[in-house]
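Since every read-out is calculated from the coordinates, none of them should be taken as a lab result. As the structure is a computational prediction, the values presented were derived from the model and not from experiment. So basically every Cβ, Gly included, is an ideal-geometry build from the backbone, and we count neighbours across all protein chains shown.
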Amino acid sequence: MAVIDRLLLTVTAFAQEGLVPCTDDCDYEKFILLIGKVFEFLTLKMAVPLATAAIVYGGIVLVVSGANEGWRTQAKDIIKYAVWGLVLALASWIIVRTIMVELGVQAPFLPDFFQ
């Protein structure tokens, strides 16, 4: 239940902040900023909590499975695919951030080590 609350609060906070960084003075930098905001939301604020929830669910299934080999295999697959998805999401986040820095985007959502 806490995971669902966290996801809903994240989506609400993102919606209040606004997706489009401009109103009438839109240029290339604002467009790149928009892409960065969308990508940050999808990778860090959606993929990480969902992967964490999947890992927790896989762990619960693994603990509850007992001697049932089918459940144990299913739980291990859930955990394995959740970890792979998390690794891919974070790797793509790093790649996109590196490209944005090379394009010269100075955005407030970039951590200090990218500046």
Obtain the nm distance between the two label points defined at Tyr57 and Leu34 by a simple spin-label model: each point lies 7 Å from its Cα along the Cα-to-C-beta direction. 3.3 nm
Please report, to two decimal places, log10 I(q)/I(0) for the range 29-105 at q = 0.13 Å⁻¹ as given by the Debye formula with identical point scatterers on the Cα atoms and no solvent. -0.50
At what distance in nm do the modelled label points of Met46 and Asp27 sit from each other, each positioned 7 Å from its Cα along Cα→Cβ? 3.0 nm
